[in-house]
1. Report, by residue number, each residue of the range 10-29 that is crowded, with 17+ Cβ neighbours inside 10 Å, among the hydrophobic types (A, V, I, L, M, F, W, C) and over 20 Å from residue 83 (Cα atoms).
2. Please tell me if residue 37 is farther than 17 Å from residue 121 by Cα and either among the acidic types (Asp, Glu) or surrounded by 14 or more Cβ atoms within 10 Å (Cβ to Cβ) (or both).
3. In the range 63-108, which residue that is polar (S, T, N, Q) and surrounded by 19 or more Cβ atoms within 10 Å (Cβ to Cβ) is modelled with the highest pLDDT?
4. With the requirement that a residue be over 11 Å from residue 88 (Cα atoms) and either among the aliphatic types (A, V, I, L, M) or assigned to a loop (DSSP other than H, G, I, E, B) (or both), what does the range 117-129 give you?
5. Within the range 28-58, work out how many residues are farther than 17 Å from residue 76 by Cα, among the charged types (D, E, K, R) and at pLDDT 95 or above.
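The values are calculated or read from the model by the stated rules, or taken from the named source; none is laboratory data. All figures in this text were calculated on a predicted structure; none of them were measured in a lab. No Cβ is skipped: glycine too gets one built from the backbone with ideal geometry, and neighbour counts run over all protein chains shown.
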Amino acid sequence: MTLPAPPDFLTISFRPDLNILVVRWQRLISLAEMQQGYLHLLEHAAYHNCRHWLLDGRRRFNTDREGAQWMVSTFLPLLHPRLGQRTYLAYLLAPVTLREQDADAAFPPPAYFLDKPFLGERFVEEGEAISWLQHQP
């Protein structure tokens, strides 16, 4: 099976040496583009059987409640049926994004993930994000 190329606002590469899917948003995106990008990412993850994702949103700059709501209610519930085990999402963000109240409110608190088949964490350093992913089962 050949995977279609990602849209122009997204790059996806599988690092077999780390067993990590590296996803980089290339620009500011609309909600529809975010949805398209994440669904495309899920196809790549299923193809590579990869449940450890580095999501680089430093160029994206737009985390909002509407997108977060779609992630929580629609996208994240697709992961376990498709990938079979818990999925780990390391979000690499610009430091300014972590200081924005709206962006912070859009990301669920740690307690949210306790009983979920996915776990997300936010980082500003790529090395820390990769290290966190490598320490997950």
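1. Within the range 10-29, 10, 25, 29 qualify.
2. yes
3. For the range 63-108, the residue satisfying everything is 87.
4. 124, 125 - these are the residues of the range 117-129 that are over 11 Å from residue 88 (Cα atoms) and either among the aliphatic types (A, V, I, L, M) or assigned to a loop (DSSP other than H, G, I, E, B) (or both).
5. The number of residues fulfilling the criteria is 1.
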